[in-house]
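Coordinate-derived values only; no laboratory data. Nothing here was measured: the structure is a model prediction, and the numbers come from that model. Note that we place each Cβ from the backbone using ideal geometry, even for glycine, and neighbour counts take in every protein chain shown.
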Amino acid sequence: MVSKRYYSLIWITLLALLVAVVLISLALGPAGITVKQTVLILKEGPTYTPNSNFSSAQHRIIWYLRLPRILTALVAGMVLAISGMVYQALFRNPMADPYVLGISSGAAFGVAFATFLGLVGGATGVYQVPVAAFIGAIVATWAIFILSGGARRSPTVLLLTGIALNFLLSALMSLFMYLNRAQLHSIMQWSMGSFATANWEKLLIMASVSLVALLPITLLTRELDILLLDDASALSVGVSVRRIRLTLLILTTLATSVTVAFCGIIGFVGLMVPHIMRLVVGPKHKNLLLFSLLGGALMMVTADTLSRVVLGATELPVGIITAIGGSPLFIILLIRNKKEMG
Amino acid sequence: MGKNVAEIRDLNWSYRDKPLFTNLSATFPSEAFISIVGPNGSGKTTLLRHFLKILPPPKGAILLEEGDLLAYPQRDLAKYISYVPQQSRLEYDFTVYECVAMGRYAHEKRLASLSQNDHALIKEALEVMNLSSLSTRLATELSGGEYQRVLIARALAQQSRLILLDEPVSNLDLHHQREILTLLKSLVNQKVATVVCVLHDLNTVSAFSDLVIMMDRGEIVAEGSVKEVLTKERIEEVYHVAVELLYPPGREQPLVIPKWN
């Protein structure tokens with residue numbers, strides 16, 4: 001058995017890393033702001049008073065462009081990692097994740113469909129987009145659960161259903177783009193994933209919805225452990241499997257969809273983070289949750305920082321970075337799973 | 001109810017429009033070793049699953065001490081009934097101790113960590129099942145027999161008065177079969193719990209049971225003591241295999257010898 005001190009040490013290390021990456025990410029970019037200036041700007045607060053250390057433009061870049069963006073990435077990373085962790089327990093499948101299962105695509109499709117119908121757009125979008133995303137994601141979750149036979153069938157059926165759903169939804173989104181080229185760019189944005197349009201208002205909505213959705217999950221870690229057993233065993237020790245599963249599905253789908261609504265589809269973070277963390281702290285969700293929160297934030301802020309700098313002046317959609325990192329892991333897991341089941 | 005720990009009253013249940021149970025009734029007396037036997041597909045597992053609400057029985061069909069089983073919240077039900085499934089793979093790296101601790105869920109207070117009492121009961125269950133030395137091992141690394149013992153330890157930690165087991169010894173060698181069955185029997189003798197076992201081997205049934213329920217195609221064809229239920233005619237009729245019953249000297253229960261040719 002590993003001691004609590006060992007866990008705390010790793011957790012604090014991760015936290016320190018996260019703080020470091022956030023600071024570096026804040027300072028990094030063409031505006032030529034140093035880490036020292038960044039710290040001073042942060043200390044200054046959101047309103048600028050003229051001084052000799054930094055300019056008003058630099059202050060604005062940090063406070064109104066980079067900080068909301070980085071915090072958005074941080075929240076998105078946490079949400080996707082926890083969602084992945086919960087889906088993996090609910091479907092009793094270590095390869096489940098909002099992206100792989102097609103739930104993120106469902107949310108993006110909801111937004112694309114609403115855009116196509118002219119229901120969202122303009123200034124009101126801040127509230128309507130998440131609603132459209134949630135409806136799309138709930139329908140996708142429901143479809144995947146029904147079509148794959150829930151947690152009872154083989155893991156392969158679940159993954160194949162998710163892949164099929166992804167095919168269908170991305171085909172439909174391409175159709176919308178084809179039919180209405182004027183919206184091409186805004187629909188594209190959701191299918192690629194990016195934090196470029198982040199601002200404080202969106203961050204506030206996203207963070208509060210995520211908090212409401214994730215907080216109850218922190219109270220259900222014991223149930224998540226027990227859900228890894230077969231249904232009969234979980235029921236026999238006293239977990240109301242159906243009710244708990246439904247509650248968790250709705251909460252994670254809510255958190256995932258609000259992330260997709262503001263940041264688009266970002267794949268594989270939900271797959272990678274809980275996996276890596278399970279290797280570090282084991283399968284108990286009480287620990288796994290705490291570590292996945294940090295791990296998700298760390299991975300997403302890092303990926304977003306990379307997306308801003310790898311190509312120099314042009315920015316990459318962050319979804320490309322996470323996919324390049326995540327798909328090899330997915331394939332490795334697939335091969336390993338096949339061996340175990342074969 | 002009185003001395004009964006559970007009672008099934010006119011249970012009707014269909015699987016995909018095909019009726020399996022029609023007016024099925026049975027009583028499970030307290031502190032007895034009860035065996036359920038019958039050919040594959042006769043509804044034994046299905047019957048056990050009704051007790052977990054995994055297949056919810058119709059209203060009023062299963063009665064426990066305080067009335068309808070359906071009226072028990074899942075947690076309260078877990079304090080009354082525990083269950084050892086036939087096959088249950090856990091593919092995650094929980095330790096043996098953590099697996100057994102899951103049996104305490106119904107007794108835990110939300111958000112509180114396991115109490116002194118919980119830990120004591122978990123240790124006791126591990127001790128009884130001869131698992132103390134394996135408590136920090138990963139459940140994924142255990143042999144079939146060891147894992148079966150973990151499942152039973154989990155049920156013991158649950159402190160329920162009715163333990164349902166679905167073929168608990170089918171995958172075990174003779175030594176481990178005897179170990180587990182004598183342990184279950186001692187729980188009954190010490191009046192700790194009532195044990196209901198789905199069993200296949202009629203000689204095991206004969207050696208351990210206080211009460212035998214024989215099922216065939218969704219019906220209870222006989223219910224009573226070993227001698228009453230395990231008769232040559234009935235076994236031959238239900239299993240379609242010719243048998244001979246032997247009564248070795250000094251033993252009251254019969255040995256069942258199938259005639260293979």
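In terms of modelled amide H atoms, which long-range or inter-chain residues lie less than 5 Å from the amide H of B:C197?
B:I34, B:S35, B:I36, B:L165
With no solvent and one equal point scatterer per Cα, compute the Debye intensity ratio I(q)/I(0) for region B:129-208 at 0.11, 0.16 Å⁻¹ and report its log10, rounded to two decimals.
Treating every Cα as an identical point scatterer, log10 I(q)/I(0) equals -0.28, -0.60.
Can you sort B:C197, A:C263 from fewest to most other Cβ atoms within 10 Å of each residue's own Cβ?
B:C197, A:C263
Give me B:T204, B:T231, A:T305 ranked fewest to most by other Cβ atoms within 10 Å of their Cβ, as a rough exposure proxy.
Fewest to most other Cβ atoms nearby, the residues stand as B:T231, B:T204, A:T305.
Could you list A:I144, A:I332, B:I122 so that the one with the fewest beta carbons within 10 Å of its beta carbon is first and the one with the most is last?
A:I332, A:I144, B:I122
Running a GNM on chain A with Cα contacts under 10 Å, which residue among A:N199, A:N93, A:N180 ends up with the highest mean-square fluctuation?
The residue with the greatest mean-square fluctuation here is A:N180.
Across 10 Å bins from 0, what is the distribution of all Cα-Cα pair distances for region A:39-89, in whole percents?
Result returned by the calculation: 23, 35, 19, 15, 7, 1.
Too long at a 25 Å Cα-Cα cut-off: which of A:K286/B:K53; A:K284/B:K59; B:K18/B:K79; B:K44/B:K185?
Among A:K286/B:K53; A:K284/B:K59; B:K18/B:K79; B:K44/B:K185, the Cα-Cα distance tops 25 Å for A:K286/B:K53; A:K284/B:K59; B:K18/B:K79.
Pick out which of B:S25, B:S132, B:S88 has the largest mean-square fluctuation in a Gaussian network model of chain B, springs linking Cα atoms closer than 10 Å.
Residue with maximal mean-square fluctuation among B:S25, B:S132, B:S88: B:S88.
Quick one: helix B:116-128 against the long Cα principal axis of chain B, what's the angle to the nearest 10°, folded into 0 to 90?
Once rounded, one gets 40 degrees.
Quick one: Karplus J couplings for region A:72-77, per residue in order, coefficients 6.51, -1.76, 1.60, θ = phi - 60°, nearest Hz, x for Gly and Pro?
4, 4, 4, 5, 4, x
Could you work out the relative contact order of region B:4-258? I mean the mean sequence separation of Cα pairs under 8 Å and 6+ apart, divided by the number of residues, in percent. Mind dumping the intermediate values first?
Numbers: 461 pairs, mean separation 63.0, N = 255.
Computed over region B:4-258, the figure is 25 percent.
If you take every DSSP beta bridge whose two residues both sit in the protein assembly as shown, what share of them, in percent to the nearest 5, is antiparallel?
Taking every DSSP beta bridge within the protein assembly as shown, about 55 percent pair in antiparallel fashion.
Please list 3J(HN,Hα) in residue order for region A:6-16, calculated via the Karplus relation 6.51 cos²θ - 1.76 cosθ + 1.60 where θ = phi - 60°; whole Hz, with x for glycine and proline.
Couplings: 4, 4, 4, 4, 5, 5, 5, 4, 4, 4, 4 Hz.
What list of ³J(HN,Hα) couplings, whole Hz, do you get for region A:314-319 from phi and the Karplus terms 6.51, -1.76, 1.60, once you set θ to phi - 60° and write x for glycine and proline?
For region A:314-319, the Karplus-derived couplings read 7, 9, 8, x, 5, x Hz, x marking Gly and Pro.
Under 19 Å from a point 7 Å along the Cα-to-Cβ line of A:L215: which residues of region B:105-120 have their amide N that close?
B:110-112
Only bridges with both residues in region B:4-258 count here: give the DSSP antiparallel percent, nearest 5. Could the numbers behind the result be given before it?
Working: 22 of 39 bridges.
If we restrict to bridges inside region B:4-258, about 55 percent are antiparallel.
Highest GNM mean-square fluctuation, chain A, Cα pairs closer than 10 Å: which of A:A303, A:A108, A:A81?
Among A:A303, A:A108, A:A81, the largest GNM mean-square fluctuation belongs to A:A303.
Give the average over all directions of the projected area of the C-alpha convex hull of region A:4-341, one decimal, in nm².
Mean projected area for region A:4-341: 18.2 nm², to one decimal.
For the pair B:E124/A:T47, report the inter-label distance in nm, with labels modelled 7 Å from Cα in the Cβ direction.
The modelled label-to-label distance comes out at 6.6 nm.
Sticking to Cα atoms, compute the Rg of the protein assembly as shown to one decimal and its Dmax as the biggest Cα-Cα distance, whole number, in Å.
29.3, 106
List the residues, sorted by chain then number, that are 5 or more residues from B:V221 or on another chain and whose placed amide H is less than 5 Å from its amide H.
B:M214, B:M215, B:D216
Just need the Rg to Rh number for chain B, please, alpha carbons only, Kirkwood Rh.
With Rg and the Kirkwood Rh in hand, the quotient comes to 0.97.
Find the centroid of the Cα atoms in region A:236-294 and in region B:177-211, then give the distance between the two in whole Å.
If we compute the Cα centre of each part, the gap is 42 Å.
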